[in-house]
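Below: the structure, in structure tokens.
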Amino acid sequence: MMKKQLLTLFLIMISAGAIFAGEESGKNTGKIHGYMFGDYYYVSSNHDSGLVDQNGFWLRRVYLGYDKDLDGNFSMRLRLEMNTAGDFSSSFRLEPYIKDAYLKWKKSGNTIYAGISPSPTWGVIEHFWGYRSVERTPLDLQKWGSSRDFGIALKGKTPNGVVGYHLMLGNGNSNRSETNPGKKAMGAVSVHPTGALVLEGYLDWNDNPGGTDWITVQGFAGFKTDQAKIGLQYAQQTRKVENGKDIDLSLVSAFLVATINPKTNIFARVDRQFDPNPRGNSISYIPFDETAKSTFFVGGLDFSTAKNVHIMPNVEMVKYDENDAGVTPDTDVIARVTTFFKF
């Protein structure tokens, strides 16, 4: 592990040295960029009584990336990520790992990616929501897919910009190594009939071993003006079970973001899960009860204190239905002050 950390640090230092040397000589050597966000949090209520009154500071994500234009229409990106475990029990130093590592070819509005690159699963929705620093989009939060995959992707739009597409064939194992012969096929098509409206449909099929495939269908509609934007999403996922009953999951989500003044926004989102999430307890920072259907809410204020610096007090809450055992888990309530900045 120590060798891995030292190697990573060495690569960062060499890259930084080359960049600064290039800037001094006036060469096009690329761009360093990144962002960080984290919270002070307090758990006032939870279905797990052991988490009640838990509080502290954590860094939920740190990005450090390097982009460089290559010859012709080619460019590349290397991006590292670090984050805390968010399981309320692990205690370790943040360790970097590769989030993006791809070669990109772009021409006439069409782009081909080779390597570890963003998947089509929730890219449009996350961009429209605009508050990844506060909370992940529903499929990301509930572990229905991954924001990255290792493979080949094609992304582009029609000449008039009305229709966009993002297709990808990957390993189906996020940014980790391949573990089986199956692949994951993903495709999203978006329509932008006006500058204010976006509609998107999404479909994926993850060919898992032993007949345990996952199939996901999703639809999204978003509308925005200069003062506000709203979004509505529906998704359904089938998880095949070898020699057992398939698991069918579905959810609906709606959000609103409104501008109060040039430096202040208000935001709110509600997600309704029509089925218990069998992986709910492993969700970082806000584990869900795995036995009951639930309604998730997040809302808060966004104060832009300076360019690219945001302070966002917010509250997350999960209210549960009665489960099959006739028990209604206690409501989860987490108050947070989230800080986000980018460079």
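Using only the alpha carbons of the chain, what is the convex hull's orientation-averaged projected area in square nanometres?
Numbers: hull surface 78.5 nm².
Over every viewing direction, the Cα hull of the chain projects on average to 19.6 nm².
Tell me the chymotrypsin sites (Phe, Trp or Tyr not before Pro) within the stretch 259-299 that lie in a loop according to DSSP and have at most 13 other beta-carbon atoms within 10 Å.
Details: sites: 267, 274, 285, 288, 296, 297; in loops: 274, 285, 288.
Those satisfying the criteria are 274.
In the stretch 200-273, which trypsin sites (Lys or Arg not before Pro) are in a loop and have at most 13 other Cβ atoms within 10 Å, using DSSP for the loop call? Can you show the working numbers first?
Working: sites: 224, 229, 239, 240, 245, 263, 269, 272; in loops: 240, 245, 263.
When the trypsin sites (Lys or Arg not before Pro) of the stretch 200-273 are filtered for loop state and at most 13 Cβ neighbours within 10 Å, 245, 263 remain.
At most 13 other Cβ atoms within 10 Å and a DSSP loop assignment: could you name the GluC sites (Glu not before Pro) in the stretch 176-248 that fit? Can you show the working numbers first?
On the way: sites: 178, 200, 242; in loops: 178, 242.
Here the GluC sites (Glu not before Pro) that fit, given the DSSP loop and packing criteria, are 178, 242.
Could you calculate the contour length gain from residue 51 to residue 266, that is, 0.36 nm times the residue separation minus the distance between their Cα atoms, to one decimal place in nm? Could the numbers behind the result be given before it?
On the way: separation 215, 0.36 × 215 = 77.40 nm, distance 2.82 nm.
Using 0.36 nm per residue and subtracting the Cα-Cα distance, I get 74.6 nm.
Modelled label-to-label distance, residue 189 and residue 157, 7 Å Cα→beta-carbon offset: nm?
With each label placed 7 Å out from Cα toward Cβ, I get 1.7 nm.
Give me, ordered by chain and number, the residues 5 or more places off residue 173 or on other chains with an amide H under 5 Å from its own placed amide H.
Under 5 Å from the amide H of residue 173 lie the amide H atoms of 150, each far enough along the sequence or on another chain.
Once the Cα atoms of helix 2-25 and of the chain are each reduced to a long axis, what angle between those two axes, in degrees from 0 to 90 to the nearest 10, is obtained?
50 degrees
Gap in Å between the Cα centre of the stretch 199-254 and the Cα centre of the stretch 41-71?
24 Å
List, in order, the whole-Hz ³J(HN,Hα) value for each residue of the stretch 192-208 obtained from phi through the Karplus relation with A = 6.51, B = -1.76, C = 1.60 and θ = phi - 60°; use x for Gly and Pro.
Each residue of the stretch 192-208 in turn: 10, x, 9, x, 9, 10, 9, 10, 9, x, 9, 8, 9, 9, 9, 7, 8 Hz.
Counting other C-beta atoms within 10 Å, which of 112, 215 has the fewest, and how do the rest follow? If you can, show how the numbers build up before the last one.
Details: 112 18, 215 14.
Fewest-to-most ranking of 112, 215: 215, 112.
Which listed residue (45, 196, 278) has the Cα farthest towards the positive end of the charge dipole for the chain, taking +1 on Lys and Arg C-beta and -1 on Asp and Glu C-beta about the Cα centre?
196
Can you list the residues, at least 5 places off or on another chain, whose amide H is less than 5 Å from the amide H of residue 34, using H built in the peptide plane?
Long-range HN contacts for residue 34: 65, 343.
For the stretch 231-244, just list the computed ³J(HN,Hα) in residue order, Karplus coefficients 6.51, -1.76 and 1.60, θ = phi - 60°, integers in Hz, with x standing in for Gly and Pro.
3J(HN,Hα) across the stretch 231-244, in whole Hz: x, 9, 9, 10, 9, 9, 9, 10, 10, 5, 10, 5, 6, x.
Quick note: the coordinates plus some simple rules give every number you see, no bench work behind them. Please read all numbers here as calculations on a predicted model, not as lab measurements. Note that each Cβ is placed from the backbone with ideal geometry, even for glycine, and that neighbours are counted across all protein chains shown.
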